[in-house]
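In what follows, a structure is listed as structure tokens, so that the remarks can point back to it.
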Amino acid sequence: MLYLSGQNNDLQQFISDNDIEKITNASWKPVDELDIYCPIMTEDELRCLILGVYTVKLAASYTQEHMSSDGIYSIHGYVHNRSLLCLKFKSRHVFRKQYWSYIRFKEGSVGAWFCSCPVGARVVGTCAHVTSALWYLCFRRHQADQLSDGPRNWAADISDAANVSY
């Protein structure tokens, strides 16, 4: 983690270099209609990727806000070059503000992420927007027999992360 914390977000650079945030002819669809492979992950695998108790709490509210009463995640996105998922999230603070979240899937795993929100360029852990999308795409939508209101609050299970073995 120390090594990664000093690295630049390569996906952010790729998006900037290729003007992906300026693409206007994209075909926006509900995420469940997009043709992209998202790996199936357990909550523990997601927790190892996300690395943030506060982020999980924020993601729960984003997921709730974008989940319809019948359990449909109402986020829209498009796929760029078959492996880069581009999503739009509304800001919780500014009505007209939207954040763009990008997730690159690679060889059956989550390869990289970037979000245009103030903390979205981190390479260790994810922002709440990316966390919300990953929780839904890689976990929740594969749990047809389980109803859940959002990401599990892992903080309730851990009193001291130093005592957790992986």
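The candidates Trp135, Trp113, Trp100, arranged from most to least accessible area with a 1.4 Å probe in the full protein assembly, appear as Trp100, Trp113, Trp135.
Rounded, prolate or oblate: which one fits region 1-132, using the alpha carbon gyration tensor with axes a ≥ b ≥ c (rounded when a/c is under 1.5, else prolate when a/b beats b/c, else oblate)?
Values: a/c = 1.26, a/b = 1.06, b/c = 1.18.
Rounded is the answer for region 1-132, as its axis ratio a/c remains below 1.5.
Put a dot 7 Å past the Cα of Glu107, heading toward its Cβ, do the same for Ala26, and the two dots end up 2.6 nm apart.
Computed from backbone phi, the HN-Hα couplings of region 28-36 come to 6, 9, x, 4, 6, 9, 7, 8, 8 Hz, rounded to whole numbers (Karplus: 6.51 cos²θ - 1.76 cosθ + 1.60, θ = phi - 60°; Gly and Pro given as x).
Using a 1.4 Å probe on the protein chains only, how many percent of the accessible area of region 20-71 belongs to carbon and sulfur? The partial results should precede the final answer.
Working: 1600 of 3090 Å².
Looking at region 20-71 in its full context, I get 52 percent from C and S.
Electrostatic tally near Ser16: other residues with Cβ closer than 11 Å to its Cβ, Lys and Arg +1, Asp and Glu -1, net -3. The mean accessible area for residues of region 51-106, using a 1.4 Å probe and ignoring ligands and nucleic acids, is 58 Å² per residue. Rolling a 1.4 Å probe over the protein chains gives Lys29 an accessible area of about 80 Å².
The values are calculated or read from the model by the stated rules, or taken from the named source; none is laboratory data. Predicted model, so just to flag it, every value in this text is computed and none were measured. As a convention, Cβ positions derive from the backbone with ideal geometry for all residues, glycine included, and neighbour counts pool all protein chains shown. Note: areas computed on protein heavy atoms with side chains; ligands, DNA, RNA excluded. Shrake-Rupley method; radii C 1.70, N 1.55, O 1.52, S 1.80 Å.
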